[in-house]
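Rule-based calculations on the coordinates, nothing more; no lab input. Because the structure is a prediction, the values reported are computed rather than measured. Every residue, glycine among them, receives a Cβ derived from its backbone with ideal geometry; neighbour counts consider all protein chains shown.
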Ligand code: 5CA
Ligand code: ZN
């Protein structure tokens, strides 16, 4: 489906450093080592109740990856899905008496508008799951041919014992896996399964639910295999970064990695698993099911989206943090100070700022330190250091290119 439009990204003098990020699977910060084209898959929204600040925080993190790679001289091939058919979406549509397709379409459109306003670079492919059901079914058939599946009352399951790498992404003990699987859409207690952690690949048609034809009969795909199929079809195995919020580590990215491995025989499925922290409100993770949400579209009615972006950038992407209104005020004040400073006819030399921001961002996307480097330049400019007439323009470009903040 349609992606969203891209902001301009100015070229900076010189070249950015090789990006290092925290890889959940390796449990350490490691260099990304992409080829000429870096490949990234970021899990998209389930389109109801979009776009809240938790979503925005996660997509901003991967936008910083995208920008750092480009600055380092890579092309970036970025793919994202929208989970436009799934249990919670269908439940919400039923509760509110809406057509599920209309609900999904409206929320996806709102998401696009929010992403554009936040200057998030768009994916080359923005893929709705309902557009590619045949591809997903073909991947399930491949898994079946490898002997990794079984049927239960017409549904198709992945047999966890057929996945030699199971656990390699999350490194969680089985007890924790079982608890999270139950909380995050899995069915550990379903009678008849061979193992409680076996996961659904194809759900046979139920009365009143949408369904598509497939080699396994009419039905719809399970969640994890959708992203695996979309990533494989667009990026191929061994892509550079698989991304999402930390609530996707298990089961979603663990199970997706196993599907990719068993289907292709190649490991790793993604070379790095990168996860953003969770944004909370009133002491709890912001989530659609709890309803404790702050929407980007609501905030945009009363503030510049660049202030929203700055408020998010003030937290390291891996931090779990709580949204409070005063953070928006602080970001608005920072934005105003920065804009005032880059409007001056000259300022202190900015090449050292560029070097510092590049260095900090290449080290696992240390945006708070990058903001501090720009703050320091802004304070010197405001207090009268006017030695370099080219500096304000360069600072404007640094903020835009590397942080996505338009001044
Ligand atoms: N459609 C699936 C991924 S295939 C999904 O998780 N959708 S979602 O709408 O629930 O979340 C979209 C993205 O936002 C995911 O990467 C998720 O990890 C992230 N996310 C959700 N809630 C928060 C939160 N409170 N803080 C930070 N990120 C969040
Ligand atoms: Zn996903």
Seminar exercise, completed: Relative to the chain, whose Cα atoms define the longest principal axis, helix 325-342 and its Cα axis are tilted in degrees, nearest 10, by 50 degrees
Problem set entry | Overall Cα dimensions of the chain, principal axis frame, Å, largest first | 75, 44, 37
Seminar exercise, completed: Dimensionless Rg/Rh of the range 21-92, both radii on Cα and Rh by Kirkwood, sits at 1.06
For this session: Using per-residue counts of other Cβ atoms within 10 Å, averaged over each peptide, order 364-370, 28-34 from highest down.
Result: 364-370, 28-34
Problem set entry | Protection-proxy order for peptides 319-325, 105-111, each taking the mean of Cβ atoms within 10 Å per residue, highest first | 105-111, 319-325
Exercise. Given the C-alpha centroids of the range 89-133 and the range 302-372, what is the distance between them in whole angstrom?
Worked result: 29 Å
For this session: Which order do the peptides 183-194, 118-129 take when ranked by the mean count of other beta-carbon atoms within 10 Å per residue, highest first?
Result: 118-129, 183-194
Exercise. Taking only Cα atoms, what is the 0 to 90° angle, nearest 10, from helix 53-71's long axis to the longest principal axis of the chain?
Worked result: 70 degrees
Exercise. Over all pairs of distinct alpha carbons, what does the Kirkwood formula give as the hydrodynamic radius of the range 111-226, in Å?
Worked result: 16.1 Å
For this session: Treating the angle as unsigned and between 0 and 90°, give the value, to the nearest 10°, between the Cα long axis of helix 174-183 and the longest Cα principal axis of the chain.
Result: 90 degrees
Problem set entry | Principal axes of the range 42-149: Cα extent on each, largest first, Å | 42, 41, 19
For this session: Over all alpha-carbon pairs of the range 213-270, lay out the pair-distance distribution in 10 Å bins, whole %, shortest bin first.
Result: 23, 52, 22, 4
Problem set entry | Where Rh is the Kirkwood radius over Cα pairs, Rg/Rh for the range 174-270 | 0.98
Exercise. For the range 261-407, treating each Cα as an identical point scatterer without solvent, what Debye log10 I(q)/I(0) comes out at q = 0.13, 0.18, 0.21 1/Å?
Worked result: -0.68, -1.05, -1.26
